[in-house]
Amino acid sequence: MKAGTVRTWVWIHKWSSLVSMLFLLMLCVTGLPLIFKEEVEHWLDPHPPLASVAAGTPRPTTESMVARALAARPAGHVVPYTFYPADAPNVMTVTTAVTSNPSLDGTWEGLHFQVFDVRSGRLLADERESKSGLMYVMYRLHADMFGGLAGTLFIGAMGLLLFVAVISGVILYAPFMRRFDFGVVRRNRGPRILWLDLHNLMGIVTMAWLAVVGLTGVINSLNLPLTMLWQSTDIAEMTAPYRHAPPLKNRVPLDAAVAVARVEAQGMRLASVGFPGRDLASPHHYMVLFTGQSSLTARLLKPVLVDAATGKVTEARDMPWYMTALLVSQPLHFGNYGGLPFKIIWALLDVVTIIVLASGLYLRIVRRRQDRPATAQAEPMIMEPAE
């Protein structure tokens, strides 16, 4: 590699690392507990197994449970969604909120979750959305730094810089190691050289994971813009015939809407239902979402629009490619594909990355203190030619 090319890549790597380093260190620290978010929440709030239901017990309609959930809340509340967890096939969660329209970032005011046993209609839990506690703080710091959409997009930009730093580091690692065996650690050259070699070794070993986490983080930061794009294109096209329809007066029961939607999604699992006029659903439709049954397809959604006035399917189509990329990247970012063993691997890689970032910060501080001549070649995160 020519000297001028090396200097260019050194500059790219140096500044992409420096600009993003502190933020990426924060993201790795906050992301570590979020890898085990489901396990921590279950440990803090364990849910006992469902009680058995006597044979012959009449099964209530889901519409009746929705009505009960809404009646339990003060006037002015609406039902935006119902959810059906994959790990609890006999459970339905009814959400209620104060306003009929969410804010720009998709949040709702006064959100409550009422959990029902669909076999008996028994209320299992009535919980307010938690906006406190360690896991909530970790999530908000990791997702948007309490800055809403602007914070989310900023974090996405930091993820893009991480990807640039990884690629430039890989490009520079080959000439750096030309005079050494792969993975050499010079223990007898002082603490700075020792940490430099450890930093480079751990960085090159985790480069693939860093690239995956960085790219999926960037994609996840585009959640709201991509969802809005989907609404303004595919959903708008599917609901175009209803653009000038009169306001919906009465809707068909939820049970009927789900029943006709199942015909369009044979072999898939019901995941959630958006009510007419609530966020993703149009003012005249239920948005019934299904997922696949296998571990590979469980994150992919198939939307079915059901006319809320007639109970007939308006249209069902697969998600566009950019929404599929978003849905796949969300669990991959936190290692939620292979169960607990996969999460442990993800956590170990996260810890190594924390060490890489912290050592890079340490090496930068030490180098500045040494006040080396300006003509000396700067190390790239923090690679440098052998001394």
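Read-outs throughout are calculated quantities, based only on the coordinates presented, and are distinct from any laboratory measurement. Treat the numbers as computed from the prediction; the structure is a model and nothing was measured. Cβ atoms come from the backbone with ideal geometry, glycine included; neighbour counts cover every protein chain shown.
Return the pairs, sorted by first residue and then second, in which the second residue is part of a loop (DSSP other than H, G, I, E, B), the first residue lies in the stretch 229-256 and is of a type in the set (F, W, Y), the beta carbons are less than 6 Å apart, and the residues are 6+ apart or on different chains.
Partner pairs satisfying both residue conditions: Y242/H284.
What number of residues within the stretch 299-331 satisfy the criterion of being in a strand (DSSP E or B) and charged (D, E, K, R)?
Qualifying residue count, the stretch 299-331: 3.
Report, by residue number, each residue of the stretch 35-93 that is loosely packed, with under 10 Cβ neighbours inside 10 Å and either outside any helix (DSSP H, G or I) or touching an Asp or Glu at 6+ places or on another chain (Cβ under 6 Å) (or both).
Once the filter is applied, which keeps residues that are loosely packed, with under 10 Cβ neighbours inside 10 Å and either outside any helix (DSSP H, G or I) or touching an Asp or Glu at 6+ places or on another chain (Cβ under 6 Å) (or both), the stretch 35-93 yields P46, P48, P49, S52, A54, A55, G56, P58, P74, A75, D87.
Filter the stretch 1-34 down to the residues that are part of a helix (DSSP H, G or I) and among the charged types (D, E, K, R), then identify the one that is farthest from Q330 (Cα to Cα).
R7
What number of residues within the stretch 299-324 are more than 23 Å from V273 (Cβ to Cβ) and touching a helix residue (DSSP H, G or I) at 6+ places or on another chain (Cβ under 6 Å)?
Matching residues across the stretch 299-324 total 1.
Whether any residue in the stretch 239-253 is among the small types (G, A, S) and farther than 30 Å from G156 by Cβ is what I want to check.
Checked the stretch 239-253: at least one residue is among the small types (G, A, S) and farther than 30 Å from G156 by Cβ.
Checking the structure you have, find out if any residue of the stretch 218-231 is closer than 27 Å to T96 by Cβ, more than 18 Å from the chain's Cα centre (by Cα) and surrounded by fewer than 20 Cβ atoms within 10 Å (Cβ to Cβ).
Looking for residues that are closer than 27 Å to T96 by Cβ, more than 18 Å from the chain's Cα centre (by Cα) and surrounded by fewer than 20 Cβ atoms within 10 Å (Cβ to Cβ), one finds at least one in the stretch 218-231, hence yes.
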